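The values are calculated or read from the model by the stated rules, or taken from the named source; none is laboratory data. Please read all numbers here as calculations on a predicted model, not as lab measurements. Note that each Cβ is placed from the backbone with ideal geometry, even for glycine, and that neighbours are counted across all protein chains shown.
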Amino acid sequence: MARVASKQGVKYGYSYEALASNLRRRHMEPFLGTLEPATIRDRHSYSHEGEEFLFVLDGGVEIILDKKKESLEPGDCVYFHSIVPHCVQCRDDSGATLLAVLFPGEDLADADK
């Protein structure tokens, strides 16, 4: 297992741990994500190639998909095409933890060559 902290992620109120970065010829990227309390808000939506699956492990999460806001609790999940503008943040001051699995839209096996 490899541990990775994103500089941008820390800046925008989240950090993540790569769970399979040492595995070659993979098609998905699983992460354990930690969202900081709602006092640090990133209202910027992101859009990129690929697909995402998010499963809430702890805390409350707010996700905005193409301007539609949804609240997620532990045990809830969402799957979406990453090209849809999206923003994910914790809903309150307690923070949140989630499992995120991303398919970047390109074959990671090719990127490992």
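For this structure, a couple of remarks:
- Pick from segment 13-35, criterion over 14 Å from Leu99 (Cβ atoms) and surrounded by fewer than 17 Cβ atoms within 10 Å (Cβ to Cβ), ranking: modelled with the highest pLDDT: His27
- Scanning segment 78-93 for residues that are within 12 Å of the chain's Cα centre (by Cα) and over 16 Å from Phe103 (Cα atoms) yields Cys87, Val88, Gln89, Cys90.
To keep it simple, each residue is scored yes or no on (1) hydrophobic (A, V, I, L, M, F, W, C); (2) within 19 Å of Gly95 (Cβ to Cβ); (3) at pLDDT below 90.
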{"site": "Tyr46", "(1), (2), (3)": "no, no, yes"}
{"site": "Glu51", "(1), (2), (3)": "no, no, no"}
{"site": "Pro74", "(1), (2), (3)": "no, yes, no"}
{"site": "Pro85", "(1), (2), (3)": "no, no, no"}
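- Top-ranked residue of segment 36-94 - restricted to ones that are of a type in the set (Val, Ile, Thr) and more than 20 Å from Gly13 (Cα to Cα), ranked as surrounded by the most Cβ atoms within 10 Å (Cβ to Cβ): Val78
- Considering (1) surrounded by 14 or more Cβ atoms within 10 Å (Cβ to Cβ); (2) of a type outside the set (Ser, Thr, Tyr); (3) modelled with pLDDT under 90, the lone condition that Ala5 does not fulfil carries the number (1).
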